[in-house]
Every structure is written in structure tokens, then in C-alpha cells.
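Presented below is the structure to which this report refers.
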Amino acid sequence: MPTTAPDGDLYVSPLYLAGCTFTGDPALAPLLDHGFALHDDELANVYVSSPQRHIRLGYLPEGADKTLWKVAVHADPFGPPHWMATFDTPTPTELVTAFTTALASSYTKGPDDYLSGTAHPVDQALRPLTRAGWKRTDTWAATLCTAPDQLAGLTYSRRLPDSGAELHTDTHRWLLWGGQDGYSSRWYASFTSRTPIHLIAATTARLADPAPVLRYAPEVPSRNHGAAQITPVTPPVPTPLDVRRAAAARARTSIPRAVVRASAMATAVGPGATLPVRAPRRR
């Protein structure tokens, strides 16, 4: 079988410094695979919803602010959101995909699984980070988890915010962030109080995964280059079959085009035929 090149030319780690892949397909796929409907608008924003309209997702590259992804889950499809999650533009796509994959799995189990977060302790969302060596700090106001290089973190507020403020302002119960400080390098993800803990835990587990991810060079924020571990992808070694196919392709194209055209013309008109004469141009 022919050897295929990986989808990217750099391996980057840790994930929180890798940047966004600028494609929503991987994160949309888990929901679409479970029968969610997809719509778009004239600006190329994409909207996905469950058949009963209880779960709604927006992928908003042309949205009104820096938020690229918005997820709203409703107990009543005509009522306000029960909980919301947001991911802004520089967020690594793998984090959003981890979240939507867990959400799609919860959808198959029914409303009790995707509406309620009380069945799981808060520590479930923190444990993947602390096991990966992140520093945990507990205060009377919040619990903080910080990456060893200080370039990513999680904040869980112990104060229960007003539900309206969570949905309509920058008040967050859960806040994830990563990357060097800067507009295109620092990303944020937020989850309101009622977001199921197991969905947040799926996101933090992916965040803590040390495996490098593939990126094309322009996708990695320039401010993150100095802190990230970046390794160029080694081009795949061609197989013997690849070599033979390439040699055959070169052989087919080695005859000069002028010779090919002359041969084709001679065959078409015959050896004794007279070529048409172009009429002289009048002055």
C-alpha cells in the first residue's frame, strides 16, 4: 500500500501550546454521527442540534466575538440553557473534540446523563491534571491547578455564581486556559455550574495527555514557539511499490511534448495529405 503523509508537518507538545487547527470537522463529527442536524448561515457559521433540540452547538468563525464554539444544553428546548460551555478561537481543536465526544456519549444515555453534573465529584475533573504533575492550590475562594511550566491552568470557583450572570457575562464557575499571554496565543474555555463533571473531566484528561499533536507550521502561535516542544515530521519512506509507480509516471512524461504533438498531427492527416493554408491577412 502507498505510504501516506501525516496531516501536518510538525509534532507539538504540550497540547495547550499547539494552537487551533482552524477546522471544525473533528469536533462536529461525534454529534453528527449520532443524528444531530447541521445548518449554516451565509457567513459560514455552523449550527448543530439534537433531534429534540435539547443540545445545541455553534461553530462561529464569523461570530460577534472571539468565542469560536458555544454549546448550550436545555432541559426545555424553549427555555433558557440549563448549562453552557464555550471555547475561544485559539483553543486546540482536540480539546473541543474530547468534549463533544463525551457529550455525544452522554446523549445516548439520556437526559439524566447530559443535564446533571451532581452524580460526579468535582475532583473527577481535577484528577487528570494533578496526576500529570499539575500543582493544585486550594483557597477559600477557589481551587487552582497549574501546569508545571505555568502556561496553562484551571480555576474552579467555590462560590456559586448567579445563573443569569454565568449565561450572559464573563462570570465563570470553571475556567480553563493555556498558552503564552497574547491575543492569538492564549486560549480560554469556560463551563457553567451545571455542566456535568464527567464532560469537564473528559476535557481535562485530553489536556493532560502528553502525546504530541500534528500541526502545520502556521497553526502554532508564534508566541508559543519558545516554550513548546516542536519536532518536524519526517517524510514517509516510500515503499518499493511507490518507487516503481513514480518511475513509471516519469517514463510516461519523458517524451517531449513537441514530439508528441507532431506525431499526433502526422497520424491524423496522413503522410500524403496537404495541411490547410491560413488565408493571408488583409492590410
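Just a few scattered comments:
- Residues of the range 92-133 satisfying the condition of being outside any helix (DSSP H, G or I) and open to solvent by less than 20 Å² (accessible area, probe 1.4 Å): PRO92, GLY110, GLY117
- Residue within the range 55-72 that is modelled with pLDDT of 95 or more, among the hydroxyl-bearing types (Ser, Thr, Tyr), in contact with a helix residue (DSSP H, G or I) (Cβ under 7 Å, 6 or more places away or on another chain) and part of a helix (DSSP H, G or I) present: no
- Residue within the range 136-154 that is part of a helix (DSSP H, G or I) and either open to solvent by 30 Å² or more (accessible area, probe 1.4 Å) or in contact (Cβ under 8 Å) with a residue 40 or more places away in the chain (or both) present: no
- As a summary of the residue check, THR192 satisfies the conditions (1) more than 30 Å from VAL122 (Cα to Cα); (2) modelled with pLDDT under 95; (3) surrounded by 11 or more Cβ atoms within 10 Å (Cβ to Cβ) except for the one numbered (1).
- Pairs with Cβ under 9 Å, 6+ apart, first in the range 235-262 and modelled with pLDDT under 70, second outside any loop (DSSP other than H, G, I, E, B): ILE255/SER263
- Index of the failed condition, ALA165 passing every other in (1) touching a residue at least 24 places away in the same chain (Cβ under 8 Å); (2) open to solvent by less than 30 Å² (accessible area, probe 1.4 Å); (3) under 18 Å from ALA85 (Cα atoms); (4) among the hydrophobic types (A, V, I, L, M, F, W, C): (1)
- The number of residues in the range 207-231 that are farther than 20 Å from ARG186 by Cβ and assigned to a strand (DSSP E or B) comes to 2.
- Here PRO80 clears all of (1) out of contact with any Pro (no Cβ under 7 Å at 6 or more places or on another chain); (2) touching a residue at least 60 places away in the same chain (Cβ under 8 Å); (3) open to solvent by 50 Å² or more (accessible area, probe 1.4 Å); (4) outside any loop (DSSP other than H, G, I, E, B) except the condition numbered (4).
- Look at (1) part of a loop (DSSP other than H, G, I, E, B); (2) farther than 22 Å from ALA102 by Cβ; (3) open to solvent by 10 Å² or more (accessible area, probe 1.4 Å) and you find that SER185 fails only one, number (3).
- One residue alone among ARG136, ARG127 is over 30 Å from THR23 (Cβ atoms) and touching a Cys at 6+ places or on another chain (Cβ under 6 Å), and that residue is ARG136.
- Pair list, Cβ under 7 Å, 6 or more apart: the range 14-33 residue closer than 16 Å to ASN45 by Cα and open to solvent by 20 Å² or more (accessible area, probe 1.4 Å), other residue assigned to a helix (DSSP H, G or I) and of a type outside the set (S, T, N, Q): PHE22/GLU219
- The number of residues in the range 34-43 that are assigned to a loop (DSSP other than H, G, I, E, B) and either open to solvent by 30 Å² or more (accessible area, probe 1.4 Å) or closer than 27 Å to ALA228 by Cβ (or both) comes to 5.
- Residue among GLU166, GLU94 that alone is modelled with pLDDT of 95 or more, of a type in the set (Asp, Glu) and within 25 Å of SER50 (Cα to Cα): GLU94
- If you go through the range 208-228 and pick out every residue that is within 15 Å of the chain's Cα centre (by Cα) and open to solvent by less than 70 Å² (accessible area, probe 1.4 Å), you end up with 6.
- ARG159 vs. criteria on the phi < 0 side of the Ramachandran plot, assigned to a helix (DSSP H, G or I) and of a type in the set (Lys, Arg): no
The values are calculated or read from the model by the stated rules, or taken from the named source; none is laboratory data. Just so you know, these numbers come straight off a predicted model, no measurement behind them. Using ideal geometry, Cβ is built from the backbone for each residue, glycine included, and neighbour counts are taken over all protein chains shown. Protein only, heavy atoms only, side chains kept; ligands, DNA and RNA dropped before computing areas. Shrake-Rupley method; radii C 1.70, N 1.55, O 1.52, S 1.80 Å.
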